[in-house]
1. Along each of its three principal axes, how wide is the spread of alpha-carbon positions in the chain, in whole angstrom units, largest first?
2. Could you pull the accessible area for F57 with a 1.4 Å probe, rounded to 10 Å²?
3. At 0.36 nm per residue, minus the direct Cα-Cα distance, what do A24 and T91 gain on full extension? Give it in nm, one decimal, please.
4. Go ahead and set up a Gaussian network model of the chain, Cα springs under 10 Å, then flag whichever of T12, T87, T67 fluctuates most.
5. Only loop residues by DSSP count here, and only those with at most 13 other Cβ atoms within 10 Å; note down the trypsin sites (Lys or Arg not before Pro) in segment 43-100 that meet that.
6. Of the accessible area of the chain, with the probe set at 1.4 angstrom, what percent is carbon plus sulfur?
7. For the chain, what does the accessible surface come to per residue with a 1.4 Å probe? Please give it in Å².
8. Given only helices, namely DSSP H runs of n ≥ 4 each adding -39500 (n - 2.57), what is the per-residue ellipticity at 222 nm of the chain, to the nearest 500 deg cm²/dmol?
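The values are calculated or read from the model by the stated rules, or taken from the named source; none is laboratory data. Computed from a predicted model, the values in this text were never measured in an experiment. Cβ coordinates were reconstructed from backbone atoms using ideal geometry, including for glycine residues, and neighbour counts include every protein chain displayed. Accessible surface areas use protein heavy atoms only, side chains included; no ligands, DNA or RNA. Shrake-Rupley method; radii C 1.70, N 1.55, O 1.52, S 1.80 Å.
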Amino acid sequence: MQQTEAQQAARTLLSSPLAVNLSAAERTEMNKIASGEFAAASKWSAIKAAFSKVGGFAKAIAGKYSTFKKWYDGLSWWQKAPLRAITPGLTILDIYNALH
């Protein structure tokens, strides 16, 4: 994963409505990733943080892919928008497999 991609993912998450649900520690980590200070940053940490802030994620990811997809499909557009922005080029199956 490229550092610039991780930085962009963190910036997108921080500017999305989901950012209000981040803990202080998560916000600090995302700010470090966004500014390039955290060299070991992974885009997946930003993706997991974003998805985990949406209700029902833990149950959805613990189940089968069909459960996860049904959960994702049921999200409102304002929840999907930042999730899509930090996962460009990834399918729902890619995301499920990486987070599962």
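1. Projected onto the principal axes, the Cα atoms of the chain cover 37, 26, 21 Å.
2. Roll a 1.4 Å probe over it and F57 shows about 20 Å².
3. Values: separation 67, 0.36 × 67 = 24.12 nm, distance 2.97 nm.
Between A24 and T91, full extension yields 21.2 nm more.
4. For the chain, modelled as a Gaussian network with Cα springs under 10 Å, the answer is T67.
5. Values: sites: K43, K48, K53, K59, K64, K69, K70, K80, R84; in loops: K53, K64.
The qualifying sites are K64.
6. Details: 3100 of 5530 Å².
Carbon plus sulfur share of accessible area: 56 percent.
7. Working: 5530 Å² over 100 residues.
Ligands and nucleic acids excluded, the figure is 55 Å² per residue.
8. Values: 7 runs with 66 residues, N = 100.
Here the helix-only value at 222 nm equals -19000 deg cm²/dmol.
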